[in-house]
Structure formats: structure tokens, C-alpha cells
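**Student:** Can you keep this structure in mind? I'll have questions shortly.
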Amino acid sequence: MAQFRSEHDYALKLRRAITALDDGYATEQEMKDAAGVPNHVWRRYAELPEFVENRLKLRDVTYWAPAKIIRQMKEIVGAV
């Protein structure tokens, strides 16, 4: 089951990719690539309620980061 989960649990892959960012951030495309989530299922997982605090849409770019980094980014751009 562990192998199956590591290949098909896209929410888990997304959580791991966010954790790996540490104090950094990534664009949505970079996050897709880092997490290994296929385009055809990306939106289904990216829009899960558990990831709301890990996203910041600024103009036409969506940034992904750990929640503490997103909060700092929102303060910088005045979106608090």
C-alpha cells in the first residue's frame, strides 16, 4: 500500500512538495512539476480546502508556499 500511495496519493505529494519548499515559494507550474501531479487532476487537488493557506494569487500568477511564507507575502503586497 505504501508504494501505491506514493504513486497515486496526489494530496500527499502536494503536501510533501510544500514542505520541501521550506522558506521558499514556487509558481503553480513549478509546484505541479515538483509534486508530480498530472495536469488532468491538478485542479481537483490544488483547490482542496487544506491548501487554501498555501496559495496566493497575485495578478496572473499563483504562488505556492508554506502557510507562514504566504502570510508574509500577503503582508508585503498588502493583501492581509
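**Student:** Which ones in segment 66-80 are farther than 21 Å from A46 by Cα and part of a helix (DSSP H, G or I)? Lay out the reasoning, then the answer.
**Tutor:** If we filter segment 66-80 for residues that are farther than 21 Å from A46 by Cα, which is where we start, we get 75-78, 80.
Matches in segment 66-80: E75, I76, V77.
**Student:** Sort out which residues of segment 36-65 are out of contact with any Phe, Trp or Tyr (no Cβ under 9 Å at 6 or more places or on another chain) and not in a helix (DSSP H, G or I), and write them in order of number.
**Tutor:** Residues of segment 36-65 out of contact with any Phe, Trp or Tyr (no Cβ under 9 Å at 6 or more places or on another chain): 39-40, 43, 47-50, 52-53, 58-62.
Within segment 36-65, E47, L48, L58, R59, D60, V61, T62 qualify.
**Student:** Those residues that are β-branched (V, I, T) and closer than 14 Å to Y63 by Cα, I need them from segment 20-45; list them, please.
**Tutor:** From segment 20-45, those β-branched (V, I, T) are 27, 37, 41; that's our starting set.
Answer for segment 20-45, where residues must be β-branched (V, I, T) and closer than 14 Å to Y63 by Cα: just T27.
**Student:** When you scan segment 9-28, how many residues do you find that are surrounded by 10 or more Cβ atoms within 10 Å (Cβ to Cβ) and more than 19 Å from K74 (Cβ to Cβ)?
**Tutor:** Within segment 9-28, residues that are surrounded by 10 or more Cβ atoms within 10 Å (Cβ to Cβ) and more than 19 Å from K74 (Cβ to Cβ) number 10.
Quick note: the coordinates plus some simple rules give every number you see, no bench work behind them. Here the structure is a predicted model, which means the values were calculated and not measured. For neighbour counting, all protein chains shown are included, and Cβ atoms are generated from backbone atoms with ideal geometry for every residue, glycine included.
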